Structure formats: C-alpha cells, structure tokens
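Please read the structure below before turning to the comments.
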Amino acid sequence: MTIMTATEFAKNIKKTLDRLEFGREEIILTRNNQKIARIIPGTTHLTALEAMADIYRTLTPEAGEHWLEESRSGNRLSKELRDPWAS
C-alpha cells in the first residue's frame, strides 16, 4: 500500500496508474493530511460481455451480420485444429 498526496497523484497520474495496473498496488490519497480516497487495482478477469463490449465500433455492419449468421449456424467449430501462433 502506498500513501500519496492528491498533488503527487495529479503530477504523476500515468506512473501511478501503471503501478495500479501492473504492480497491483493499492494507493491511498491524502489531502491536508486526511485520507480522502483509496484506489485499488481492478480485476484482471474479464467476462465475455466486458471483453466484447465495444466490438460494434470495430466491425462493419456487413461483418457483424456475417458473424451473427455464422454464430447461429450449426458449423460453429472448424473441423481442423490449427496453431493460431504458427506462421
């Protein structure tokens, strides 16, 4: 747990957010020597809904329609497995 002033937080917001995200640190903010906030790292687990939340912004309407059609068809999985990282 790290204690920092609101001023320190404002001056170093990117670095502090990195500490939260990557270092998983808890931050206590103070102002006038009074604790005013506790910032804790968010969960690293995403639900499918959260992961796909703004897919609508990246898909064209045609691609979205095709994806929906494909998801509703009986052919959901390919017959052949392949390594997605292979070139």
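No lab work stands behind these numbers, since they all come straight from the coordinates. Since the model is a prediction, treat every value here as computed from it, not as a measurement.
Structural remarks
- Gyration tensor (alpha-carbon) shape descriptor, the chain, a/c threshold 1.5: prolate
- Nearest 10 degrees, 0 to 90: helix 13-23 Cα axis against the chain principal axis: 60 degrees
- Helix 61-72 axis, angle to the chain major axis (alpha carbon atoms, nearest 10°): 70 degrees
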